[in-house]
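Input: a single structure, listed below in C-alpha cells.
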Amino acid sequence: MKKNVDAQQTPTPDAPISWRREKRTKTMIDILFSGIGWTDIALTLNRIAVGMFFMLSGYHKLFNPQRHRAFADELKALGVHAIGLNQWWVPTVEFTAGAAVVIGLLAPLAALGLLVVILVAIVTSGPQRIGVYKPIDEADRIDDWLYLPEVLYAFMLIMVVSAGAGPYSLDALILGLIDKRGA
C-alpha cells in the first residue's frame, strides 16, 4: 500500500504525546546530570551562611565575657601558643572576615583567612574529639572526621575561595564599576 506523503508530514494523534514525552525525558536527564540550575543563588546562600556563622561566632567571642573566657580556656586546654594574642586575634578575624564574606567584599581573601582559622581549629581540637567518638575502623574514622562541623565549614569556605563572591555581592558591584571605568 502506498503511503500518502502529506499524511506523513501531518502529526498523528499520538505525535503531541510522544513530543511531550521526549521533552520530559530530556528535562529529567538535564536535571539528573546537570542539576536544576540557580548556581549563583546556591553559591550566594553558601557564602552568606558560612559568613554569618563566623561573624556571629567571632562577635560572641569578642563581646560576650563568658564566651570569651570559655574560648580562652579552650585555647589553654588545647596548648595553643600566644593565648594573650590569639584570644583576641582569632575572634577578630572570625568577625571581620565573616562580615566581609557575608556582604561579598574581597570574599575570596576573607574566606582564605577563615579557612586558615578553621584548619588550625581542625588540627588542634579534631584529634581529641575523634578519639572520644572511638572509631571502630578506618572508614569510621573518616566518617568521624567528616562529621566535624569544622570540616564542612572548610568545604564551604573552599567554595567561596574558588568561586568568588558571585553576582550578588559588593565584589560584583565593584568589578562592574571597574569594568565601566576601564572601558
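Some points to look at:
- Taking every Cα-Cα distance in the range 73-122 and sorting them into 5 Å bins starting at zero, the pair-distance distribution P(r) comes out as 5, 20, 27, 22, 13, 8, 4 percent.
- Degrees between helix 83-103 axis and first principal axis of the chain (Cα, 0 to 90, nearest 10): 20
- The peptide list 67-79, 158-170, put in order of mean Cβ contacts within 10 Å with the highest first, becomes 158-170, 67-79.
- Across the range 152-164, computed HN-Hα scalar couplings (Karplus, 6.51 cos²θ - 1.76 cosθ + 1.60, θ = phi - 60°) run 5, 4, 4, 5, 4, 5, 4, 4, 5, 4, 7, 9, x Hz from first to last residue, x flagging Gly and Pro.
- Ellipsoid semi-axes in whole angstrom, largest first, where each is sqrt(5λ) of the Cα gyration tensor of the chain: 51, 26, 11
- In degrees, nearest ten, helix 39-63 long axis to first principal axis of the chain (Cα): 10
- Between 0 and 90 degrees, the angle of helix 138-147 with respect to the longest Cα principal axis of the chain falls at about 90 degrees.
Computed from the coordinates by the stated procedures, all read-outs in this text should not be read as laboratory data. In this text the structure is predicted, and so the values were computed from the model without any measurement. Glycine also receives a Cβ, built like all others from the backbone with ideal geometry; neighbour counts cover every protein chain displayed.
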